[in-house]
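Right, one structure below, let's go through it.
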Amino acid sequence: MAQASHPLSAVDSAWLHMDDPTNLMMVTGVALLDGTIDVERCYKTFESRLLSFDRFRMRVTDHRDALNAPRWEPDPYFSLRSHIHRVALPSPGDMTTLQEFLGDLASTPLDRTKPLWQVHLVENVLGGSAIVMRFHHCIGDGTAMNTVMHRLMDTTPDAPIERPTPHSNHDHTLGPLLEPLVSTIEGTIKLADDLVHEGMEFLRHPEHLLNLPAQAASGALALSRVLLLPPEAKTPFKGQLGVQKCVAWSAPVPLDQVKQIGKVAGAKVNDVLLAAVAGALRAYLIGRDFKVDGLEIRAVIPVDLRPPSRAHDLGNEFGLVFLSLPLGTPSPVVRLAEVKQRMEALKRSPEAHVFYGLLNFFGRTPAQVEEQAVNLFGSKATAVMTNVRGPTEQLYLAGNRIRNIMFWVPQSGRLGMGISIMSYCGQVTLGVITDAGLVPDPQKITTAFEREFHVLYDVIVAKEHGNESAS
C-alpha cells in the first residue's frame, strides 16, 4: 500500500518546477530485447516489482505558492494498465524508425493528473522488441533509474516474478561518507538564504560572493567560480529551443578497451569517455563548417552524493559540476590529458556539494527566483552529461534476454543537448538527445564518438603495445 500524503523534498521540488514544454524533465530508458514480449508476464513483473516503490503509485499535487509545497498523494484512481502501453513500430522496424518513435516520446509531456511515469512495450524492433520507460526527474535521478532497473531485471530467463523487496533506509540524515562535507553544505544553504534576503543581487552581481564571511568561503568560492564564468560560446548547439527532440545512440564499445586506454594514459574510465565525447562534438562542429580553433564548451555533470546506506532510495541526491571540454584541441592524446586534469580539479572542489545545497534552496523559492537562477546557470553551459555504471552481467527482463540498455537525460533551463553514457555487460553505449531545431542529426555525434574512441585506442594502447614489441 502506498504511503500517506507527504511533501516532496526541496530538491525533488526543484526538478519538478524545471519542467518546460521545450525541455521536459524526464529520464528515458530503453532495454533492447531478443524475441517478442510476454505481455502478461510484463504486467505482473511491473506490478510486483515497480510498484514496490511507493512513488510509482503516487501523483504530485502542486499549487506552486510559498505556503504549499508540492506533495506526493496516493492516486485514488491508480491503474497499472493506464501506464503501460503496447505499440509496434511500422516496417522496417530499424534504428531510424525506433529513433523517430523515441524522439516523439521525448517530446510528449506526461499526464500531471497521474503518477509521473509511463512504459511502452514495443514490438518489431531491430528483429526483436524493446521496453521503453519514462519517469519524471522528481521521482528520481540516474542512480534511482539504476535502482529501478536492477529491481525489474533478472540474471536468468525463468526467475520467479515475486522477489523480496531490498531494504531501503529512509532516514535522510547524512551518512559517514558525507560527514566531512556537512559544514560545506550547511554553509552553502545558509549562504543561499543570506543572498536571497538581499533579493536577487547575487545573480546580478556575483562578485559580491567574494566578500562573504569565512565560514562560507569554500562554498562561496566554488559558487563564484561558476557565476563569474562568461556566457557560453555561441555554437550550433546553443539557441532558441523548440518542443521536438531527436535521440540517437552509438554502437557499443568494449569496456575492457576503455580500461586499457585509461591504464596506459593514467586516466579514469570516465576521463576516457569524456575525451571521446569531446572529440565527437569537435568533429560534428567541423562537419557543419564551424570554426573550432581554441573552442571550449561546458558540460554540466551530475555527481551522485548518496551514501551506501541509501543506495536503494529513489529521489534526487546529486550535485552538479561544470566541466570545460577542450574542443579546440586537435590531438586526442592532449585532449584526454586536459580532460583528466580538469576532472581531478573538480573532484577536489566542493562544487558538487555547493550545487546540491543550492538545489535544496531553490526548491523552496518562488517560481521567478528559481527560473532566473536556472536560466543564469544554463547560460554558462551547452549540455548535460552523465555517466551511469550499469549491470556487469547478462540480464533478462520479463523472460527476454536484454541485448543492450540506453538512456537519455533531461536538459534543464535553456540547454539543448543531453549526453548519457551507460555500461552494460562489458559494453559502453553513448546516448544523445538534442533539440531538433538546433541539432537535427545527433546520429552524427554518436558515430563520431565511435570513431574518436577507436582513434584513442589506436594512438594510446596500440602504440604502447608496438613500443613494447620493439623493445
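Annotations for the structure displayed:
- Test: residue in region 296-309 that is buried (at least 17 other Cβ atoms within 10 Å of the Cβ), within 25 Å of MET26 (Cα to Cα), touching a Cys at 6+ places or on another chain (Cβ under 8 Å) and not β-branched (Val, Ile, Thr): no
Okay, residues lined up against (1) modelled with pLDDT of 95 or more; (2) surrounded by fewer than 20 Cβ atoms within 10 Å (Cβ to Cβ):
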| residue | (1), (2) |
| --- | --- |
| GLY315 | no, no |
| VAL321 | no, no |
| LEU327 | yes, no |
| PRO330 | yes, yes |
| ARG348 | no, yes |
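- Among the strands (runs of 3 or more DSSP E) confined to region 360-471, the ones with at least 2 residues that are basic (Lys, Arg) are located at 400-408.
- Breaking point among (1) under 24 Å from SER107 (Cβ atoms); (2) buried (at least 24 other Cβ atoms within 10 Å of the Cβ); (3) touching a helix residue (DSSP H, G or I) at 6+ places or on another chain (Cβ under 9 Å), for PHE377: (2)
- Candidate set from region 346-377 (those that are within 20 Å of LEU274 (Cα to Cα) and free of Cβ contacts under 8 Å to residues at least 60 places away in the same chain); member that is nearest to the chain's Cα centre (by Cα): ALA352
- Residue in region 345-358 that is assigned to a strand (DSSP E or B) and not basic (Lys, Arg) present: no
- Among all positions in region 65-73, there is at least one residue which is touching a helix residue (DSSP H, G or I) at 6+ places or on another chain (Cβ under 6 Å) and either of a type in the set (D, E, K, R) or under 30 Å from GLY357 (Cα atoms) (or both).
Residue by residue, here is whether (1) crowded, with 19+ Cβ neighbours inside 10 Å; (2) within 20 Å of the chain's Cα centre (by Cα) holds:
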{"residue": "ARG389", "(1), (2)": "no, yes"}
{"residue": "LEU397", "(1), (2)": "yes, no"}
{"residue": "PRO440", "(1), (2)": "no, no"}
{"residue": "PHE453", "(1), (2)": "yes, no"}
{"residue": "VAL459", "(1), (2)": "no, no"}
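- Of residues in region 399-412 being buried (at least 22 other Cβ atoms within 10 Å of the Cβ) and among the polar types (S, T, N, Q), the one farthest from TRP15 (Cα to Cα): ASN400
- Enumeration of residues in region 2-15 that are crowded, with 22+ Cβ neighbours inside 10 Å and either of a type in the set (A, V, I, L, M, F, W, C) or touching a helix residue (DSSP H, G or I) at 6+ places or on another chain (Cβ under 6 Å) (or both): LEU8, VAL11, ALA14, TRP15
Here's the yes/no breakdown for (1) modelled with pLDDT of 50 or more; (2) in contact with a helix residue (DSSP H, G or I) (Cβ under 7 Å, 6 or more places away or on another chain):
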residue	(1), (2)
GLN118	yes, no
LEU126	yes, yes
HIS137	yes, yes
GLY142	yes, no
ASN146	yes, no
ARG151	yes, yes
HIS167	yes, no
SER183	no, no
GLY187	no, yes
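- Residue match in region 387-403 (condition: outside the structural domain of VAL30 (by TED's automatic domain parsing) and under 30 Å from LEU228 (Cα atoms)): yes
The values are calculated or read from the model by the stated rules, or taken from the named source; none is laboratory data. Small disclaimer: the values here were computed from a predicted structure and weren't measured. Methodologically, a virtual Cβ is constructed for each residue, glycine included, from the backbone with ideal geometry; neighbour enumeration extends over all protein chains shown.
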